[in-house]
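Q: This is the structure I have questions about; it appears just below.
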């Protein structure tokens with residue numbers, strides 16, 4: 001049977017120990033254990049859940065910053081690990097990782113976590129749990145603007161949640177950057193903030209849902225409530241108030257460690 005490597009980069013914990021530059025864009029804690037347990041229910045889709053002990057792919061942002069020499073070196077470590085595990089399929093919840101794996105490792109089958117979740121049953125407590133919630137806006141991350149399967153899967157999940165949502169005028173293949181792409185917040189913070197505010201205010205909705213944590217955080221910086229679709233799937237309190245709790249660097253690092261240990265229990 002085929003092995004499958006679950007790369008839950010959405011929790012910022014699969015590739016632990018990235019540099020200070022990446023800390024600003026690290027993902028908030030998502031209950032990876034629940035995701036792993038949910039996927040294990042369908043053995044045809046999940047045979048092996050594994051995590052990396054190295055920091056291999058956390059340097060994905062080096063690519064965005066244009067430091068291809070260091071990025072290629074670190075990516076070669078990931079390629080080696082995948083080969084050693086005999087892994088032929090990777091499931092990832094990160095759009096940047098999805099595109100890099102698809103472009104640089106064509107021999108590996110890359111699937112979006114949202115595509116997988118859309119193909120299996122969501123928790124009963126979640127389905128149609130947001131029917132009474134106010135309308136939200138849906139923001140598509142720019143790295144996967146041309147990945148139709150992601151667009152369709154995410155919208156299907158939103159429908160299963162019973163959540164009313166509106167599209168941005170520029171969505172899917174025409175989506176706009178949230179303002180954090182290409183390490184812009186580091187290289188040109190004024191321009192980044194301008195784009196953050198511009199994108200966030202292209203909708204009258206108070207809540208903006210995305211499937212990229214960096215995008216969600218950008219929408220919050222732009223004066224809206226940015227949330228991740230996995231927040232809606234796994235966090236019951238989101239039904240009362242759709243708002244991510246702000247986490248500092250220390251908390252994010254602790255969450256990485258905590259989630260890493262949680263995933264290890266499902267291996």
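The values are calculated or read from the model by the stated rules, or taken from the named source; none is laboratory data. Quantities reported herein were computed from a predicted structural model and do not represent experimental measurements. We place every Cβ from the backbone using ideal geometry, glycine too, and count neighbours over all the protein chains shown.
Q: Kindly list the number of the only condition in (1) over 17 Å from the mean Cα position of the chain (by Cα); (2) in the same structural domain as residue 141 (by TED's automatic domain parsing); (3) in contact (Cβ under 8 Å) with a residue 60 or more places away in the chain that fails for residue 258.
A: Condition (2) is where residue 258 drops out.
Q: Something else: Out of all the residues in the stretch 163-191, which are part of a helix (DSSP H, G or I) and under 20 Å from the mean Cα position of the chain (by Cα)?
A: 172, 173, 174, 181, 182, 183, 184, 185 - these are the residues of the stretch 163-191 that are part of a helix (DSSP H, G or I) and under 20 Å from the mean Cα position of the chain (by Cα).
Q: Another one. Could you please give the count of residues in the stretch 157-187 that are within 15 Å of residue 144 (Cβ to Cβ), free of Cβ contacts under 8 Å to residues at least 60 places away in the same chain and either buried (at least 19 other Cβ atoms within 10 Å of the Cβ) or touching a helix residue (DSSP H, G or I) at 6+ places or on another chain (Cβ under 6 Å) (or both)?
A: Total meeting the criteria: 5.
Q: Looking at this structure, is residue 243 without any contact (Cβ under 8 Å) to a residue 40 or more places away in the chain, part of a helix (DSSP H, G or I) and surrounded by fewer than 20 Cβ atoms within 10 Å (Cβ to Cβ)?
A: The answer is no for residue 243.
Q: Looking at residue 154, is it touching a residue at least 12 places away in the same chain (Cβ under 8 Å), under 16 Å from residue 232 (Cβ atoms) and out of contact with any helix residue (DSSP H, G or I) (no Cβ under 6 Å at 6 or more places or on another chain)?
A: It is false that residue 154 is touching a residue at least 12 places away in the same chain (Cβ under 8 Å), under 16 Å from residue 232 (Cβ atoms) and out of contact with any helix residue (DSSP H, G or I) (no Cβ under 6 Å at 6 or more places or on another chain).
One line per residue, one yes/no per condition, for (1) over 22 Å from residue 145 (Cα atoms); (2) in contact with a helix residue (DSSP H, G or I) (Cβ under 9 Å, 6 or more places away or on another chain); (3) modelled with pLDDT of 90 or more:
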site	(1), (2), (3)
194	no, no, yes
197	no, yes, yes
201	no, no, yes
209	no, yes, yes
222	no, yes, yes
229	no, yes, yes
238	yes, yes, no
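Q: Which condition from (1) outside the structural domain of residue 68 (by TED's automatic domain parsing); (2) surrounded by fewer than 20 Cβ atoms within 10 Å (Cβ to Cβ); (3) within 20 Å of residue 96 (Cα to Cα) is the one that residue 252 breaks?
A: Answer for residue 252: the failing condition is (1).
Q: Residues that are closer than 27 Å to residue 181 by Cβ and either at pLDDT 90 or above or in the same structural domain as residue 234 (by TED's automatic domain parsing) (or both), at least 2 per element: which strands (runs of 3 or more DSSP E) completely within the stretch 48-161 meet that? Before you say what the answer is, go through the steps one by one.
A: Values: elements: 89-92, 109-112, 136-139.
Correct list: 136-139.
Q: Then there's this: For the stretch 189-212, which positions are without any contact (Cβ under 8 Å) to a residue 40 or more places away in the chain and within 18 Å of residue 128 (Cα to Cα)?
A: Correct list: empty.
Q: Given the structure, is residue 215 touching a residue at least 40 places away in the same chain (Cβ under 8 Å), in a loop (DSSP other than H, G, I, E, B), in the same structural domain as residue 141 (by TED's automatic domain parsing) and buried (at least 21 other Cβ atoms within 10 Å of the Cβ)?
A: Considered against the rule, which asks whether it is touching a residue at least 40 places away in the same chain (Cβ under 8 Å), in a loop (DSSP other than H, G, I, E, B), in the same structural domain as residue 141 (by TED's automatic domain parsing) and buried (at least 21 other Cβ atoms within 10 Å of the Cβ), residue 215 comes out as no.
Q: Taking residue 205 and the conditions (1) surrounded by 21 or more Cβ atoms within 10 Å (Cβ to Cβ); (2) more than 26 Å from residue 66 (Cα to Cα); (3) in contact with a strand residue (DSSP E or B) (Cβ under 6 Å, 6 or more places away or on another chain), which numbered condition does it fall short on, given that it satisfies the others?
A: (1)
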